[in-house]
């Protein structure tokens, strides 16, 4: 259903989302799917083809609604990293997002849980 006041597709929940493992869908429209990935889940391409990944879970989810639908991963998160992960529903959208990634993503924030005493209050690191 399209809300006439916006350009976004309104998704009525639940849509077989309860069967997803290690992630939840936080936004979806006709071009993209945004998920919240749990730590411990690979973004894509496991050595073990039977291992669940965010890509395989989201791909199965979209194929339940439209068997011909493909998804394209826009970026990755490490297995042990939880956070927001973006998928495109077409290769064109994926390429547009990747080509302009530095314009869209202005800031990345990483939060770390540390056991023990931290001597410095701020740690600077180049993660990219």
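The values are calculated or read from the model by the stated rules, or taken from the named source; none is laboratory data. Here the structure is a predicted model, which is why all the values come from computation and not from measurement. We place every Cβ from the backbone using ideal geometry, glycine too, and count neighbours over all the protein chains shown.
Looking at the structure I just gave you, is residue 20 more than 24 Å from residue 95 (Cβ to Cβ), crowded, with 18+ Cβ neighbours inside 10 Å and touching a residue at least 24 places away in the same chain (Cβ under 8 Å)? Judged against the criteria, residue 20 is not a match.
Do we have residue 118 as over 23 Å from residue 53 (Cα atoms) and surrounded by 10 or more Cβ atoms within 10 Å (Cβ to Cβ) here? Against the criterion (over 23 Å from residue 53 (Cα atoms) and surrounded by 10 or more Cβ atoms within 10 Å (Cβ to Cβ)), residue 118 qualifies. Can you spot a residue in the range 32-39 that is at pLDDT below 95 and over 18 Å from residue 75 (Cβ atoms)? Within the range 32-39 (the criterion being at pLDDT below 95 and over 18 Å from residue 75 (Cβ atoms)), the answer is no, since none of the residues qualifies.
Within the range 18-37, being part of a loop (DSSP other than H, G, I, E, B) and touching a helix residue (DSSP H, G or I) at 6+ places or on another chain (Cβ under 9 Å) holds for 20, 21, 22, 31.
Counting the residues of the range 39-67 that are out of contact with any helix residue (DSSP H, G or I) (no Cβ under 9 Å at 6 or more places or on another chain) and under 12 Å from residue 83 (Cβ atoms) gives 2.
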